[in-house]
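Reviewing the structure listed below.
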Amino acid sequence: MHYADVVRDFLKLTGARGVRPDLEGLKFLARLFHRMPYENLTKIARFAEVSDPELRPRMPDIVLAEHMEYGAGGTCFSLTYFFDQILTGLGYETIRVFCDRSYGPDTHCALIVSLGSDRYLVDPGYLMEAPVRVPKTGYASQSGRSGKIFLERLGETSQLLLVTESAEKRRVRYKLKDVAVEESLFLKKWIDSFEWAMMRHISISVQTGDGIIFLRDGVLRKNTADEKKQDRLSTGIAQRIEKEFGISPRLFADAFDAVVKMKSKYNKENKR
């Protein structure tokens, strides 16, 4: 599947036409792409609207259209796939990789981009501020507005750990497998992800000038390099989401209704 027209539209809309396939170009494109938030509202709504599992993945044309209409973005699969199309369309050499999160293996995905003798991790679904060099041995680090990121090679294996440090607290975010994922397996996992537990919770995150803002269900968190703030929302959630993330209240309403139904069905099936 190729989306050259969508890539051209994205480059035109963002003023990124003429970017060269080098490290500075990669950094520039990553900053532009991160204007789209990580959010599963569109994924939840898509699950409720589309009954055929193979038609559920939100391809780049849908991602860009819903970003323009609702201020939406997507989850790791749709964002990674779209950014991969942008990079390869500009001449970058990329591979898609899977990551193991705390809730299971192969539950996250990202890109590794080759530039000469170096390679860089780009993670559209985790809102990394810039590409991080993939170390052959030891570790590489990066400092940003929300703290530090460390990418550490586990001995001489193909596995790496992504660790964050914010407000003097370190946390392992995922284990990266430095192995290219074939298209068919990537699409299978993407389709499977519509059935994962994360679909019963509303999650949004976006980069700001100071750090990163997260929302999970009714809890809003703001993280900078020096502090973390948390606000529990009980009313006006749709309006707060529009203010903080620029996402349409209409999209939130559709996703919220779908989540309520999914939770009710899940609880009945598990006799809760």
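The value for region 102-249 of Rg(Cα) / (2.2 N^0.38 Å) is 1.15. Quick check for me: using +1 on Lys/Arg Cβ and -1 on Asp/Glu Cβ, what's the dipole size of the chain about its Cα centre, in debye to the nearest 20? Using only the charged Cβ atoms, the result is roughly 880 debye. By the gyration tensor of its Cα atoms, with a ≥ b ≥ c the square roots of the eigenvalues, what is the shape of region 1-147: rounded for a/c under 1.5, prolate for a/b over b/c, or oblate? Oblate, because a/c is 1.5 or more while a/b does not exceed b/c.
Computed log10 I(q)/I(0) for the chain at 0.11, 0.15 Å⁻¹: -0.62, -1.21, from the Debye equation with unit scatterers placed on every C-alpha and solvent omitted. Positive end of the dipole of the chain (Cβ unit charges, origin at the Cα centre): among Phe214, Val6, Phe245, the Cα lying farthest that way belongs to Phe214.
Between the helical axis of 183-192 and the longest alpha-carbon principal axis of the chain there is an angle of about 30 degrees. For region 134-272, build the charge dipole from Cβ charges (+1 Lys, Arg; -1 Asp, Glu) around the Cα centre, then report which of Leu185, Asn270, Val163 sits farthest towards its positive end. The one lying farthest along the dipole's positive direction is Asn270. Note on region 179-236: along the principal axes its Cα atoms extend 41, 27, 14 Å, ordered by decreasing extent. Surface composition of region 70-156: carbon plus sulfur atoms hold 45% of the accessible area, using a 1.4 angstrom probe and ignoring ligands, DNA and RNA. Between region 18-83 and region 102-129, the C-alpha centres lie 15 angstrom from each other. The convex hull built on the alpha-carbon positions of region 127-205 has an orientation-averaged projected area of 6.8 nm². The mean accessible area for residues of the chain, using a 1.4 Å probe and ignoring ligands and nucleic acids, is 51 Å² per residue. Roughly speaking, what % of Cα-Cα pairs in region 192-272 are separated by over 21 Å, rounded to a whole number? Cα-Cα pairs in region 192-272 separated by more than 21 Å: 37 percent. Working note: 222 nm ellipticity from helices only, DSSP H runs with n ≥ 4, each -39,500 (n - 2.57), summed and divided by the residues of the chain, gives -11000 deg cm²/dmol to the nearest 500.
A simple charge model with +1 on the Cβ of Lys and Arg, -1 on the Cβ of Asp and Glu and nothing else charged puts the dipole of region 183-246 at about 180 debye relative to its Cα centre.
Of all lysines in the structure, the ones whose alpha carbon falls short of 23 Å from that of Lys228, not counting any fewer than 8 places away in one chain, are Lys148, Lys169, Lys243.
Kindly identify region 103-160 as rounded, prolate or oblate by the Cα gyration tensor criterion: order the square roots of the eigenvalues as a ≥ b ≥ c, call it rounded if a/c is under 1.5, otherwise compare a/b with b/c, prolate if a/b is larger, else oblate. Note, shape of region 103-160 comes out rounded. Here region 119-246 is assigned +1 on the Cβ of each Lys and Arg and -1 on the Cβ of each Asp and Glu. Its dipole about the Cα centre then comes out at about 280 debye. The alpha-carbon of Lys177 sits under 13 angstrom from the alpha-carbons of these aspartates and glutamates, leaving out residues fewer than 8 places away in its chain: Asp100, Asp106, Glu152, Glu156. Taking other residues whose beta carbon is less than 11 angstrom from the beta carbon of Gln159, and scoring Lys, Arg as +1 and Asp, Glu as -1, yields -1. The long axis of helix 23-33 is offset from the longest Cα principal axis of the chain by roughly 10 degrees. Considering only the other residues whose Cβ falls under 12 Å of the Cβ of Ser234, what net charge follows from Lys and Arg at +1 and Asp and Glu at -1? Its environment carries a net charge of 0. Classify region 76-183 from the C-alpha gyration tensor, please: rounded if a/c falls under 1.5, else prolate or oblate depending on whether a/b exceeds b/c. Because its axes are fairly even, with a/c under 1.5, region 76-183 counts as rounded.
The values are calculated or read from the model by the stated rules, or taken from the named source; none is laboratory data. These figures come from a predicted structure and were not determined experimentally. Methodologically, a virtual Cβ is constructed for each residue, glycine included, from the backbone with ideal geometry; neighbour enumeration extends over all protein chains shown. Ligands, DNA and RNA are stripped out before the accessible areas are found, and what is left, the full protein with its side chains, is counted by its heavy atoms. Shrake-Rupley method; radii C 1.70, N 1.55, O 1.52, S 1.80 Å.
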